[in-house]
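S.K.: Supplied in structure tokens, the structure appears directly below.
Every number in this text was worked out from the coordinates using simple rules, so none of it is lab data. What you see is a predicted model, and the numbers here were worked out from it, not measured in a lab. A quick note on method: Cβ atoms are made from the backbone with ideal geometry, for glycine too, and the neighbour counts reach across all protein chains shown.
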């Protein structure tokens, strides 16, 4: 079976020393579903279904994208890779491939494009810039030498590479173990403010709740119409003032030996204020860090809550490093 690997850069994050040089770390690896779109009208059709300008993509380029329902609700986040003039590959979270294909077939009618779904693997990388992400991608390829690969293409926030192999997911994890894959994956993802399927991103959600940064890295506001566009455009024009939005959190404990929190939903006056979806204790900073959602309460978003022997503070996505360094609880 041909496994495809989609290397994604997620911006500034925790750096590791690899091969004597400072370079971005592997954040986490996850299995994925891969939907291939092939046909004379593949680019034209996908352009009307995805949030990015598909037809303007050069061959070999890749991009984040959103696949939405007509009402704007999320079907799945997509990693889109243009393989050829009339061939594209869409990476989506494991288990979403059937729904992605079903949604794409829904409006296909007589369009000359066909879809096929298989399995793959996504390697999420953390780095300060395109050069570091490309370098780490090449290191990852070295661990998989002999399986054949195409060149890594720098596409700004994303770097894509295609590898063909009969390796299973666990074997891939083992081959990349020297790149610090499993040990700090959750912490690195939280520190980078990166949402994950099943935790912060779910089917049917309002994607604008993920915030302006995520939406603007996944949608082109200059292209023509696409299915589900109206919700994205409306919320973007109004400043993303949704009833809840994705946020980072810092958890400070009054007891220095404490590291766990009870529950993930925190309320005030019987109404939700914070919903944590991913939590881990940060040993070196001696505090908890988390990803989750801040809920609007009486027209405002509360910045912090005191819950028993710990305090939770909302932090702008991706700003945990600076916050932990300077925060005064």
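S.K.: Using a/c under 1.5 as the rounded threshold, could you call segment 43-105 rounded, prolate or oblate? The axes a ≥ b ≥ c are square roots of the C-alpha gyration tensor eigenvalues, and prolate needs a/b larger than b/c, oblate otherwise.
M.R.: The shape class here is prolate.
S.K.: Say each of residue 255 and residue 44 gets a label point 7 Å from the Cα, pointing the same way as Cα to Cβ; how far apart are those two points in nm?
M.R.: Distance between the two pseudo-spin positions: 6.7 nm.
S.K.: Compute the length gained on full extension between residue 71 and residue 108: take 0.36 nm times their separation in residues and subtract their Cα-Cα distance, giving the result in nm to one decimal.
M.R.: Taking 0.36 nm per residue and subtracting the Cα distance, the gain is 11.5 nm.
S.K.: Kindly state, to the nearest 0.05, the FRET efficiency for residue 222 paired with residue 309, given R0 = 45 Å and r defined as their beta-carbon distance.
M.R.: Between residue 222 and residue 309 the formula returns 0.35.
S.K.: Treat the count of other C-beta atoms within 10 Å as a stand-in for reagent exposure and order 91, 199 from fewest to most. Write down the numbers at each step before the final one.
M.R.: Numbers: 91 27, 199 14.
In increasing order of surrounding Cβ atoms, one gets 199, 91.
S.K.: Counting residues in segment 243-326 as N, plug N into 2.2 N^0.38 Å and put the Cα Rg over that result.
M.R.: 1.03
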